[in-house]
1. Could you run through the stretch 235-278 and say how many residues are among the aliphatic types (A, V, I, L, M), more than 16 Å from the ligand (Cβ to nearest atom) and assigned to a helix (DSSP H, G or I)?
2. Just for strands (runs of 3 or more DSSP E) wholly inside the stretch 148-226: which have at least 2 residues that are within 16 Å of the ligand (Cβ to nearest atom) and either modelled with pLDDT of 95 or more or under 24 Å from Ser276 (Cβ atoms) (or both)?
3. Regarding the stretch 135-147, can at least one residue be identified that is in contact with a Phe, Trp or Tyr (Cβ under 7 Å, 6 or more places away or on another chain) and either within 16 Å of the ligand (Cβ to nearest atom) or more than 27 Å from Gln242 (Cβ to Cβ) (or both)?
4. In the set Ser26, Ser79, Ser85, which member is within 20 Å of Glu284 (Cα to Cα), out of contact with any Phe, Trp or Tyr (no Cβ under 8 Å at 6 or more places or on another chain) and not charged (D, E, K, R)?
5. With the condition kept exactly as written, say whether any residue in the stretch 91-100 is surrounded by 18 or more Cβ atoms within 10 Å (Cβ to Cβ) and part of a strand (DSSP E or B).
6. Take Ile120 and decide whether it is away from the ligand (no atom under 16 Å from the Cβ), surrounded by 15 or more Cβ atoms within 10 Å (Cβ to Cβ), not in a helix (DSSP H, G or I) and not acidic (Asp, Glu).
7. Pull up the stretch 10-55, narrow it to residues that are in contact with a Leu (Cβ under 6 Å, 6 or more places away or on another chain) and within 16 Å of the ligand (Cβ to nearest atom), then point me to the one that is nearest to Val289 (Cα to Cα).
Amino acid sequence: MRNAARGSLLDIEHLKAEEIVGLLNSARRMNPQKPRPILKGARVLLLFYEPSTRTRSSFEIAAKSLGAMTTLVQASGSSIEKGESLLDTSYTLRSLGADVIVARHPNAGAPALMARHLDIPVINAGDGMHEHPSQALLDAYTILRHKRNLKNLQVAIIGDIYHSRVARSAIHLLSKFGSRITLCGPAEFLPEVAMTLAPDLHITRTVEDAIRGADVIMLLRVQKERLAGMKTSLPDYVSRYQITASRLKLAKKDAILMHPGPIIRGLELAGEVADSPQSVILEEVRNGVPVRMAILARAFTGRAG
Ligand code: ASP
């Protein structure tokens, strides 16, 4: 077993602040409208064990914008369904000529395991409840298009924090740059253990407290099926945590509202809020492409920029 190949992106937790800055600067130089064939002829394998709309298609567009070829392997319709192990599937894809594998898997640590056994970079496109590093990078990129820097920004993260790899990656990234983070959600979605993720996290169960004076409001997906088994029912969640136009007014005037998608109007947020000028939800999707171009370029060159 070896260390992950250079250029792998497995998590935000172990990325240095300067590597993050390097990736964000590189993303700023990427223009999906003006393809740069810097990865001409390279093969990018997209290995998805879980459904995905945004992440998968934006990695694909990013790879193609850099001149690479892409192949999608999904759990259904592949040998994975026949019980092939993750490592055997990885070796097969490597033998087919993969130069980099972008992997999404329901188990935390699956991309890291692949990376330790393969001699090519592996990019984590979301692993279980662990991390979603490319989402955190595109979120930081989006915030920085609206705010001067991340230091001292007041960021409210609201929703199902416990099950969210998006939240974990965002917390790691924003804490490295000195943002002030407040987590908010019912106890089932926000156990006290969340406090150990980073020093100086604030927890509140009251959405008004979380939003008051915030620069950034980051919503997380809430699955209806999860609420079904909880003390907090769906109507409770909606009345206590949903972001409505009147709650949004508690934030700073120029606050931005984020959500990694898929959004559920009428649950995490009111429809009018999703479409309001403060919502940057579709901008996040758009920014996913240059950010993932930067991640792929780094995978091939071993460095950002
Ligand atoms: N699309 C994001 C993810 O795959 C957010 C979510 O599904 O909750 O992690």
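1. Selection size over the stretch 235-278: 4.
2. 154-158, 216-219
3. There is no residue in the stretch 135-147 that is in contact with a Phe, Trp or Tyr (Cβ under 7 Å, 6 or more places away or on another chain) and either within 16 Å of the ligand (Cβ to nearest atom) or more than 27 Å from Gln242 (Cβ to Cβ) (or both).
4. Ser26
5. yes
6. So Ile120 fits the description; yes.
7. Checked the stretch 10-55; the qualifying residue nearest to Val289 (Cα to Cα) is Leu46.
Residue by residue, here is whether (1) farther than 22 Å from Ser233 by Cα; (2) surrounded by 22 or more Cβ atoms within 10 Å (Cβ to Cβ) holds:
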{"site": "Ser134", "(1), (2)": "yes, yes"}
{"site": "Leu138", "(1), (2)": "yes, yes"}
{"site": "Ile143", "(1), (2)": "yes, yes"}
{"site": "Lys151", "(1), (2)": "yes, no"}
{"site": "Lys176", "(1), (2)": "yes, no"}
{"site": "Cys184", "(1), (2)": "no, yes"}
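The values are calculated or read from the model by the stated rules, or taken from the named source; none is laboratory data. Not measured: the values here are computed from a predicted model. Here Cβ is always computed from backbone atoms with ideal geometry, including for glycine, and neighbour counts include all displayed protein chains.
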